[in-house]
Amino acid sequence: MIYPKNFPDQCPPSESNTASGEFYRFIKKAHPKPLPEDFLSWRQENPNKECPRGVSECQACGVSVHSSLDDAKNLSRRIPSFKNSKIARGVLNEKLGQIKPTPSRNEKSHHTWWIPENSEPEHFFELI
């Protein structure tokens, strides 16, 4: 698989897994279906910023998804930045890159997903 050139060496990390299973992603825009810009990494959205504390450059190049719909819904109720977002559901497969559990105190089912070039992830997700 070919990953974007801005990914650091050893990214995705060797301890990541082949993408597979059902995941949920917050969609920022109020449009009828997920679009490519809904799958930009933190690094793509913030090319000149330093990574947030506790986030590696590799993780910043990945996309956040959740394995639990309940966790995603709870986040959308508790975290102001998610309140105006919608949730999309997708089923990942081996052609869609690598994934790794990256839970935090507030996001127990959080995973980082590294998307290969030319994957068009928006076609694998639908709003719920």
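Identify the single condition in (1) under 20 Å from His123 (Cβ atoms); (2) in contact with a helix residue (DSSP H, G or I) (Cβ under 9 Å, 6 or more places away or on another chain); (3) in a helix (DSSP H, G or I) that Val91 does not satisfy, given that it satisfies every other one. The one condition Val91 does not meet is (3). Is it true that some residue in region 13-35 is farther than 25 Å from His123 by Cβ, within 14 Å of the chain's Cα centre (by Cα) and not polar (S, T, N, Q)? No: region 13-35 contains no residue that is farther than 25 Å from His123 by Cβ, within 14 Å of the chain's Cα centre (by Cα) and not polar (S, T, N, Q). Residues that are open to solvent by 70 Å² or more (accessible area, probe 1.4 Å) and of a type in the set (D, E, K, R) were ranked within region 22-38; the one that is modelled with the highest pLDDT is Glu22.
Please go through region 42-74 and give me each residue that is crowded, with 20+ Cβ neighbours inside 10 Å and either assigned to a helix (DSSP H, G or I) or free of Cβ contacts under 8 Å to residues at least 24 places away in the same chain (or both), ordered by number. Quick ask: steps written out before the conclusion?
At the first step, the residues of region 42-74 found to be crowded, with 20+ Cβ neighbours inside 10 Å are 43, 58-63, 65-66, 72.
Arg43, Cys58, Gln59, Ala60, Ala72, listed by residue number.
Remark: pairs (first residue in region 83-103, surrounded by 13 or more Cβ atoms within 10 Å (Cβ to Cβ); second residue among the charged types (D, E, K, R) and in a loop (DSSP other than H, G, I, E, B); Cβ separation under 9 Å; 6+ apart in sequence or on different chains) = Ser85/Lys28; Ser85/Lys29; Lys86/Lys28; Lys86/Lys29; Ala88/Lys33; Lys100/Glu15.
Counting just the residues of region 102-125 that are in a loop (DSSP other than H, G, I, E, B) and not polar (S, T, N, Q), which one comes out nearest to Trp42 (Cα to Cα)?
Residues of region 102-125 in a loop (DSSP other than H, G, I, E, B): 102-109, 115-120.
Checking which are not polar (S, T, N, Q) leaves us with 103, 105, 107-108, 115-117, 120.
Numbers: Pro103: 16, Arg105: 19, Glu107: 17, Lys108: 19, Ile115: 13, Pro116: 15, Glu117: 16, Glu120: 17 Å.
Residue satisfying both the conditions and the ranking: Ile115.
Applying the criterion of being modelled with pLDDT of 95 or more, in contact with a helix residue (DSSP H, G or I) (Cβ under 8 Å, 6 or more places away or on another chain) and assigned to a loop (DSSP other than H, G, I, E, B) to the residues of region 1-21, the residue that is surrounded by the most Cβ atoms within 10 Å (Cβ to Cβ) is Ala19.
The values are calculated or read from the model by the stated rules, or taken from the named source; none is laboratory data. This one's a predicted model, so the numbers in the text were calculated from it and none came from an experiment. Neighbour counts run over all protein chains shown; Cβ positions are idealised from the backbone, glycine included. Ligands, DNA and RNA are stripped out before the accessible areas are found, and what is left, the full protein with its side chains, is counted by its heavy atoms. Shrake-Rupley method; radii C 1.70, N 1.55, O 1.52, S 1.80 Å.
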